[in-house]
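A short worksheet on the structure shown next.
Every read-out reported here was derived from the displayed coordinates using simple, explicitly stated rules and does not represent laboratory data. Computed from a predicted structure; not experimentally measured. Every residue, glycine among them, receives a Cβ derived from its backbone with ideal geometry; neighbour counts consider all protein chains shown.
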């Protein structure tokens, strides 16, 4: 049986001559040149021969070769030659024919479809913002009318994360004002009572004719004003200023003044003659500590340390945060 090959250009099937393996042939229809593959007589090949007529950039698809098998030919109808399957009645029915009624199985399927639970409708943006929600990421509470979490910046409607600025956020609800902490209350009460007592004492001494007490009265009244502000939860800065003024007065009155008075005091000089050398004498001067009022000096240092401790506590972050919230 002669070998056949199909031209890749025009598609015609050609019978190859004997001993044509490796030869260069030409298609008689389109003139395409190609090289026939090596001949094999052991078994009939079903693969097509290699051809070089097709360009590398051609978009034509290569069809499978027929090898040594001859193509069946028939002059009549191919349905008489091949055993083709017949069409079913449903497929061969005319297009205009009416469709059969739905069977009981289809009705049951429709009934099951109607009884199936429907997916709940997703709330609209306005409906979702009508109630307070909880952020699924950080657990923060999203207030009514907002869709963006003020803690992590997650948009609950779109799922995107936005960069938050202080201007983009609504002001938080004012916190309920609460009383100051217990140590602050104690400091405010002690400062208020102490300032009142010192103001009254300075007034009495001023009326008695003691100089300088009239300058101490305004400082005591300012201390009362600052203590009231601290007790009402307004600010602690005024009391810190009052304590600073009191510390300066304490240093001047109870520390610097006793040292100055002791330095200006008249000290006795004791001369002791030496028995071995009549011309030499031992001179002993009374020390300044004998004229220093140690009681005033200790009281001034104690008051100064108390002022420093109270000021440090009022400047602590806990007290500052409490007054910043209020």
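Some notes on this structure:
- Extended-chain gain in nm, criterion 0.36 nm per residue less alpha-carbon gap, residue 268 and residue 134: 39.7 nm
- Reciprocal mean inverse distance between Cα atoms of the range 198-267 - Kirkwood radius, Å: 13.6 Å
- Label-zone membership for the range 252-267, site residue 205, 7 angstrom Cα→C-beta point, backbone N under 15 Å: 252-258
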